[in-house]
1. Can you tell me the order of 296-302, 114-120 when each peptide is scored by its average per-residue count of other Cβ atoms within 10 angstrom, highest first?
2. Quick one: helix 121-133 against the long Cα principal axis of the chain, what's the angle to the nearest 10°, folded into 0 to 90?
3. Sort PHE160, PHE213 by Cβ crowding within 10 Å, fewest neighbours at the top.
4. Give me the distance between the Cα centres of segment 1-48 and segment 125-188, rounded to whole Å.
5. Between SER210 and ASP170, what FRET efficiency comes out of the Förster formula 1/(1 + (r/R0)^6) with R0 = 30 Å and r the beta carbon distance, rounded to 0.05?
6. Assign one of three labels to segment 9-120, namely rounded, prolate or oblate, based on the Cα gyration tensor with a ≥ b ≥ c the square roots of its eigenvalues; rounded applies when a/c is under 1.5, prolate when it is not and a/b is larger than b/c, and oblate otherwise.
7. Kindly provide the trypsin sites (Lys or Arg not before Pro) of segment 23-75 that DSSP labels as loop, not H, G, I, E or B, and whose Cβ sees at most 10 other Cβ atoms within 10 Å.
8. May I ask you to evaluate 6.51 cos²θ - 1.76 cosθ + 1.60, the Karplus curve with θ = phi - 60°, for each residue of segment 140-154 and list the ³J(HN,Hα) values in order in whole Hz, giving x for glycine and proline?
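Since every read-out is calculated from the coordinates, none of them should be taken as a lab result. A quick note: this is a predicted structure, and the numbers were derived from the prediction, not measured. A quick note on method: Cβ atoms are made from the backbone with ideal geometry, for glycine too, and the neighbour counts reach across all protein chains shown.
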Amino acid sequence: MTDELLTVVVRKREQHAAGVVALELVDPQGQPLPAFEAGAHIDLHLGDNLIRQYSLCNDPADNSAYRVGVLKDPNSRGGSIAVHERLLEGTELQISAPRNLFPLAATDGRSILVGGGIGVTPMIAMAYALHAAGKPFDLWYCGRSRSSCAFVDDLLNSVFADRVHLHFDDEHDGAGVDLDRVFDDADDSSHMYTCGPAGFMEWVMASATSKGFADERIHKEFFQVEVETGGSSFEVYAEASDITVTVGENQSIAQALTEAGLKVRVSCEQGTCGTCLCDVIEGIPDHRDVFLTDEEKEDNDQMLLCCSRAKSPRLVLDI
Ligand code: FES
């Protein structure tokens, strides 16, 4: 991982279905961009301290450009609106180098990619990578209606079109995709990947579990979650910096430490990306993220500073 930012320019902007724009970002001098793996995302730096993450959805074999799809979220905390309003063709912006928190597993078994709505974006890059590697996979793209889903034509015209399965609820009397069909060809070597609205993902993951998928064969990336915020205030001792702060009732640990002058890296600010992960030396965190697994949460030796709080009156953190 690197903190170095890259300057890119919006070479192409396409309006897709139901409020999604697809942006093609390139180096201003036409140089190749850093290589990326399927499942990777970049941070877009949108000004006014807004940093938002978007999955790369182009072929990972082609690093002449990065492609992202951004849904205009009516509940946007500023990120998607800034993308839609400010990032016109020719606009220069800064981005992070790609980071991958949602990698494909090293397996020759079947990969089952299940994207809900705009959550299909990382699946597109995965499908390119799996197709190029000659590995078996199926991509299921689910949404409420065809008109609300972006990238449908791209998928149907892709080199892996024969592996794409579309399911739009309104074409099935409102019923969701038949998960028995989705997992029909799965066996003990299969891995399942899902990204989409939280309720959709939980439904898909519960089905995978019921069909015998072990946790390590279920891969997920949340892009929008409801984070419970606020609570009683508590004390945090940042041991490496020798600074003590009080985290207020409506403040995050990241905010309290930043106000005290520490540099705390945050990105999603909703406990999904892992950017603000920190080791816990002492005390009991109140985990509120969806990034750590249940087992990792039970260990209580690391936590996310953007959303998690404390069950003990004091935490000692390695920062
Ligand atoms: Fe993404 Fe904290 S900033 S988990």
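1. By packing density, highest mean first, the sequence is 114-120, 296-302.
2. Tilt of helix 121-133: around 60 degrees.
3. Listed from fewest to most nearby Cβ atoms, that is PHE160, PHE213.
4. When both Cα centres are located, 24 Å separates them.
5. 0.70
6. Details: a/c = 1.81, a/b = 1.28, b/c = 1.42.
Verdict is oblate for segment 9-120.
7. The qualifying sites: there are none.
8. Working through the residues one at a time gives 9, 10, 10, x, 5, 8, 4, 6, 9, 10, 7, 6, 4, 5, 4 Hz.
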